[in-house]
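This report concerns only the one structure given below.
Each reported figure results from applying straightforward, stated rules to the coordinates on display, with no laboratory input. Small disclaimer: the values here were computed from a predicted structure and weren't measured. Ideal geometry is used to build each Cβ from the backbone, glycine not excepted, and the neighbour counts take in all protein chains shown.
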Amino acid sequence: MAFSPIGIYRAFRPSWQSFGVYYFGIFIFLAGPQINPDTFISPALGQLLATVLIGFVLVTRFTRVYRVSDEQVEVEKTFPSHYKEAVEINEIRRIDLRRGLSQRFLGVAHIYIYLEGKEAPSLKLFGVPKPDKLKQILLDRGASDERVYGAFRS
């Protein structure tokens, strides 16, 4: 059986597009007080809040690495402390693609991976580009994806 090639998912970081809502917030905090000086946020506070959001985007983007091989999926975070977790692909029982309207428009999603016998997600991949393609790669390599019905999931 031929597998889909892993390609960009061998080692990747969260996509720049996944931070679209944060970019909008940065713009609002920087431009809002300039456009309307009577707003309740001063220009200095707007700049501070925009800087915090920029810091969050940069830290999240550059301190997370996701890796996919033929046997496992791995998440590595390096800030504030080094953390690495890997799961075997054949133990995956459900793959959730979670994305809001803006994420659908930008072609990204957060992927929650559930393992056999666990109700909570074992891995969370933030800002995955082309998430349907990654899901298919995992399914081709032995992951299962049980259906979930209803609005409320665990």
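The angle separating the long axis of helix 20-35 from the principal Cα axis of greatest extent in the chain is about 0 degrees.
One entry in (i) 155; (ii) 139; (iii) 111 is volume of the Cα convex hull per residue in Å³ calculated from the shown coordinates; its label is (ii). Between segment 69-139 and segment 1-22, the C-alpha centres lie 10 angstrom from each other. Under 12 Å from a point placed 7 Å out from the Cα of SER102 along the Cα-to-Cβ direction: which residues of segment 22-51 have their backbone N that close? From segment 22-51, the list is 22-29. Placing dummy labels 7 Å off each Cα toward the beta-carbon, the span from LEU139 to ILE6 is 2.1 nm. Taking the longest Cα principal axis of the chain as reference, the axis of helix 131-140 is set at about 10 degrees.
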